[in-house]
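Right, one structure below, let's go through it.
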Amino acid sequence: MRPFVLRLARREGLTGEVRNDRRGVEILASGSEASLRRFREALVTEAPALARIDAVEVEAAPAVSRSRFIIAHSEGAGAARVALTPDAATCEACLLEMRDSTDRRHGYPLINCTECGPRFSLVTGVPYDRQKTTMANFALCSRCRAEYENPEDRRFHAQPVCCPECGPALRVTRREQAPTEGHLAMRALCDALAEGGIALIQGLGGFHLASRISREAAERLRRLKRRDAKPFAIMVRNVDVARAWVSLGQAGASALSSHRRPIVLAPRREEVEAEAEIVAPGTHLLGVMLPYTPIHHLIFDDPRLRDTALVMTSANLAHAPMVYAKEDLARFPRQEVDCVLDHDREIARRLDDSILREAPVPRPVRRARGYVPEAIAAPGMPPLLAVGGDLKNAFCLGRDEEALLSAHHGDLAHPAARANFEAEIERWLDFFDVEPSGVACDLHPDFASTRVAERWARQLAVPLLRVQHHHAHAASLLAEHGERRAALIAVLDGFGYGADGQTWGGELLLATTGGFRRIACLSPVAAFGGDRYASEPHRPALAWLARIDALDHPAAAKLETDRERQLALSKMAAMSPARSTSAGRLFDAVGALLGLAGTNRFEAETAMALEAAAQRGMIRADAPRFEVVDTGELLELDPSNFLRWRGEHGR
């Protein structure tokens, strides 16, 4: 905002100053009433594309005794209200320079300006200035300094500004070859990819693994990541190429090509079924993204790769978080890849690619790079630390009618993910200067996030607020839509600690953001075998067959168990005291009875296969409805008749 404010003020003939402080952007401007009015209006109507203006507060002040308008030094005092900017995809102006053979930044793979490039991924403190980023150690050369100090230049006060002379340098290492730098580095990377190799590439918020699409490369990637079946995303040059792979509406295409550059999940086209099945087996969806760093654009500028689709997946081993720091890279099995591209601009924090699902209004599946740490309006939100759950974790800070939602942290069962989660909580409390009046956590006593919440509540001497898992889902949905009234909400989940100590998961709640009443649930069924109950779909299938006294059901033959083992497991089901209303496990049971499931190699694998089968018309829709049973305390939705019918009539 500051360079924009300065240019606007000088255009209107104003004197004064603009600065960052810990509350936002402060402007002191003097001039005629007409000039100030035009200036005030243009602050909103002409704001830069990446700017976010929540409010413009105007008050009278003594005139500033300056002969012109300047950018003043940032101040660190006061409450931290500044909204740090998410990372943004490379802008068209930078791409034109990068592709101009006469420009001094021709082919420079870290080019950026005030309109694009790394932001939150390199911030180490606030206010946002170069000395509080990972660019602090790169002294500006004379030409970059001139751009940085020139109010008319696109790079005026662009904190990550750099060039081949003064900026970070790229390095590529290929097997048994000396490292190469500069233009030769990008050539070496493209050579490796064009030859069918696997490359490890440093991005904005971490490292990616990239390759052309082939069965051999996919198998190598799966062995390397220890990821047997979970889908990979692909990267393509532009929206036109993306549409050759997936069906995109206008909203999905706009999201895909926005400065946020998320992965968009969309239905894959029949014409690419064979290639899509290699990267995303067992689902009708495919994740597609566009280039968002200069490195990506230079890859697709290579004629050999221009119209290809590249697998672009986070560099991590199974269940571990993405590699982002040099110490992570040192531990990664680099010997198993053909090429490594890195550079000496450090990444301050891990940021996965964000994921949206194609819909009339695309919905976020994972919110990270490009979106975080942008605040979400949340009327009534108190100052609060909410730590989230243990799977797909994200924490949240409440602050003055808004929610600051962290990036995706993954599964907190992994020590590195848990360490990252705890470190980011501490950083965010400092960055945004939030003093929580309470700490919220899941009701489950054994979640890692619950233990972290208990420590913070003790440290801050504030109340600990334990929230039932499915009420948290319902409340977040109400908050997302700005709904203050009570609503009837169906929560279809895999697992959550219930208020009665049992496992809930298929719930109908009458809820507000502050409380809930359980109206109905799926009929409870035996849950046995601990974590194996979620990873082996035949277990919930047998639990349901035992419940409806139908172990000789025709569909039982499709389960991944022999008759003797089926009987043994059904006895375990009969003896198990634990009961679950999980919708996720019902999806698993139906998938197993249809022969769609073996073992869940990743969360929701069977549910995704079931959805894909339904989307492809493989499942009949004329099955009987669930029976509604009134137990006197609440309603139960009983799928027994549905399950009996399904086995007798096939798909």
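The values are calculated or read from the model by the stated rules, or taken from the named source; none is laboratory data. In this text, all values refer to a predicted model and were calculated from it rather than measured experimentally. Neighbour counts are summed over all protein chains in view; Cβ atoms, including those assigned to glycine, are modelled from backbone coordinates with ideal geometry. Surface areas here come from the heavy atoms of the whole protein model, side chains and all, with no ligands, DNA or RNA. Shrake-Rupley method; radii C 1.70, N 1.55, O 1.52, S 1.80 Å.
Quick notes on this structure:
- Test set (1) touching a residue at least 60 places away in the same chain (Cβ under 8 Å); (2) within 20 Å of PRO382 (Cα to Cα); (3) not in a loop (DSSP other than H, G, I, E, B); (4) not aromatic (Phe, Trp, Tyr) - ALA417 fails condition number: (2)
- Within segment 587-607, being within 27 Å of the chain's Cα centre (by Cα) and assigned to a helix (DSSP H, G or I) holds for PHE587, ASP588, GLU605, THR606, ALA607.
- Hits in segment 131-189 - residues which are hydroxyl-bearing (Ser, Thr, Tyr), open to solvent by less than 60 Å² (accessible area, probe 1.4 Å) and more than 30 Å from SER211 (Cα to Cα): THR133, TYR148
- Extreme residue, farthest from LEU204 (Cα to Cα), among residues of segment 364-380 that are touching a Gly at 6+ places or on another chain (Cβ under 8 Å) and either surrounded by fewer than 20 Cβ atoms within 10 Å (Cβ to Cβ) or of a type outside the set (A, V, I, L, M) (or both): PRO379
- Taking each residue of segment 201-217 that is in a loop (DSSP other than H, G, I, E, B) and looking for partners that are basic (Lys, Arg) with beta-carbon atoms closer than 8 Å, six or more apart or interchain, yields LEU204/ARG369; GLY205/ARG349; GLY205/ARG350; GLY205/ARG369; GLY206/ARG350.
- Residue match in segment 307-316 (condition: surrounded by fewer than 24 Cβ atoms within 10 Å (Cβ to Cβ), in contact with a Cys (Cβ under 8 Å, 6 or more places away or on another chain) and within 25 Å of ARG99 (Cβ to Cβ)): no
- Some residue of segment 75-93 being at pLDDT 95 or above, open to solvent by 60 Å² or more (accessible area, probe 1.4 Å) and within 27 Å of CYS190 (Cβ to Cβ): yes
- Consider segment 535-567 and keep the residues that are in contact with a Lys or Arg (Cβ under 7 Å, 6 or more places away or on another chain) and part of a helix (DSSP H, G or I). The one that is surrounded by the most Cβ atoms within 10 Å (Cβ to Cβ) is PRO540.
- Residues that are closer than 21 Å to ARG363 by Cβ, of a type in the set (A, V, I, L, M, F, W, C) and modelled with pLDDT of 95 or more are absent from segment 493-506 altogether.
- Of all residues assigned to segment 273-290, at least one qualifies as being part of a loop (DSSP other than H, G, I, E, B) and within 18 Å of the chain's Cα centre (by Cα).
- Of residues in segment 354-363 being open to solvent by 10 Å² or more (accessible area, probe 1.4 Å) and touching a residue at least 12 places away in the same chain (Cβ under 8 Å), the one nearest to the chain's Cα centre (by Cα): ILE355
- When residues in segment 259-277 are screened for being more than 13 Å from ASP353 (Cα to Cα), in contact (Cβ under 8 Å) with a residue 40 or more places away in the chain and open to solvent by less than 30 Å² (accessible area, probe 1.4 Å), 1 of them pass.
- Screening ALA210, ALA233, ALA217 for residues that are over 24 Å from the mean Cα position of the chain (by Cα) and closer than 22 Å to ASP352 by Cβ leaves exactly one candidate, ALA217.
- Segment 458-491 - residue that is in contact with a Gly (Cβ under 6 Å, 6 or more places away or on another chain) and either within 26 Å of LEU637 (Cβ to Cβ) or in a strand (DSSP E or B) (or both) and, of those, least open to solvent (accessible area, probe 1.4 Å): HIS470
- Residue count for segment 1-15 satisfying the condition of being part of a helix (DSSP H, G or I) and either open to solvent by 60 Å² or more (accessible area, probe 1.4 Å) or among the aromatic types (Phe, Trp, Tyr) (or both): 4.
- Failed item in (1) within 20 Å of ALA526 (Cα to Cα); (2) touching a His at 6+ places or on another chain (Cβ under 9 Å); (3) surrounded by fewer than 21 Cβ atoms within 10 Å (Cβ to Cβ); (4) without any contact (Cβ under 8 Å) to a residue 60 or more places away in the chain, with ARG644 passing the rest: (4)
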